[in-house]
1. Is it the case that the stretch 97-112 has a residue that's within 29 Å of Leu20 (Cβ to Cβ) and either touching a Leu at 6+ places or on another chain (Cβ under 7 Å) or exposed (fewer than 15 other Cβ atoms within 10 Å of the Cβ) (or both)?
2. Taking the criterion of being under 20 Å from Val37 (Cβ atoms), touching a Ser or Thr at 6+ places or on another chain (Cβ under 8 Å) and not in a helix (DSSP H, G or I), would at least one residue in the stretch 105-121 satisfy it?
3. Hey, could you check the stretch 84-96 for residues that are surrounded by fewer than 15 Cβ atoms within 10 Å (Cβ to Cβ) and of a type outside the set (Ser, Thr, Tyr) and say which is nearest to Leu27 (Cα to Cα)?
4. Check off (1) of a type outside the set (A, V, I, L, M); (2) exposed (fewer than 13 other Cβ atoms within 10 Å of the Cβ); (3) part of a helix (DSSP H, G or I) for Thr74 and give me the number that stays unchecked.
5. Of the conditions (1) basic (Lys, Arg); (2) at pLDDT below 95; (3) exposed (fewer than 11 other Cβ atoms within 10 Å of the Cβ), Arg60 fails just one. Which one is it?
6. Do any residues in the stretch 80-99 that are closer than 12 Å to Ser61 by Cα and modelled with pLDDT under 95 have Cβ atoms under 6 Å from those of residues that are among the charged types (D, E, K, R) and not in a helix (DSSP H, G or I), where the two are at least six apart or on different chains, and which pairs are they?
Amino acid sequence: MGSSLPLADTRGRDGALEALQSVTRILTGVALRSLDVLDGAVTLPQFRMLAVLADLGPARSVEVARALGLEASTITRLADRLVGAGYVTRGSEPRHRGVVTLELTATGRLLISKVATWRQRELARMLTRIPAGDRQPVTAALQHLVTAAGEGYGMASRTLVPA
């Protein structure tokens, strides 16, 4: 039988888990489809790095690696491609020349902005399909979910096994 939960446990008493799994699929779809506005300019892993840099601002490459849950060598390869494409600049700290820093260029910020704008429009389109009287309870439920997940949950890699 393995370690899977019985079906009744995965649905939750009121179908909440099933609903959350459906919402996860939808939001993942929105996130992936939003990259289409970039016409293949970057891959998903490259975009993830750009998004982390947008959140962190100028950052040490080790901080970017930690935020993405990747090895430093992988960050170096991603950064090489993004620097070559003009989306990221590489630098060093004035006091510690051996410390590599990464920062978005104006072009990199534009990519992030295009994706964010598309996502915002798509989510707004979905919200308009919810009757006005039902939007406030949906908003409250989503805010509760964000609180339950914890600060920064979607920003940095975490262990894949829930505690």
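The values are calculated or read from the model by the stated rules, or taken from the named source; none is laboratory data. Keep in mind that this is a model prediction, so the values were computed, not measured. No Cβ is skipped: glycine too gets one built from the backbone with ideal geometry, and neighbour counts run over all protein chains shown.
1. Taking the stretch 97-112 as the starting set, the residues that turn out to be within 29 Å of Leu20 (Cβ to Cβ) are 112.
Among the residues that remain, those that are also either touching a Leu at 6+ places or on another chain (Cβ under 7 Å) or exposed (fewer than 15 other Cβ atoms within 10 Å of the Cβ) (or both) are: 112.
Taking every residue of the stretch 97-112 in turn, at least one turns out to be within 29 Å of Leu20 (Cβ to Cβ) and either touching a Leu at 6+ places or on another chain (Cβ under 7 Å) or exposed (fewer than 15 other Cβ atoms within 10 Å of the Cβ) (or both).
2. The answer is yes, given that some residue of the stretch 105-121 is under 20 Å from Val37 (Cβ atoms), touching a Ser or Thr at 6+ places or on another chain (Cβ under 8 Å) and not in a helix (DSSP H, G or I).
3. At the first step, the residues of the stretch 84-96 found to be surrounded by fewer than 15 Cβ atoms within 10 Å (Cβ to Cβ) are 84, 86, 90-96.
Filter once more, so that each one left must be of a type outside the set (Ser, Thr, Tyr): 84, 86, 90-91, 93-96.
Details: Gly84: 31, Gly86: 29, Arg90: 32, Gly91: 35, Glu93: 38, Pro94: 41, Arg95: 42, His96: 41 Å.
Checking each candidate, the answer is Gly86.
4. Of the numbered conditions (1) of a type outside the set (A, V, I, L, M); (2) exposed (fewer than 13 other Cβ atoms within 10 Å of the Cβ); (3) part of a helix (DSSP H, G or I), the odd one out for Thr74 is (2).
5. Result: Arg60 fails condition (3) only.
6. Qualifying pairs under 6 Å: Val99/Arg60; Val99/Glu93.
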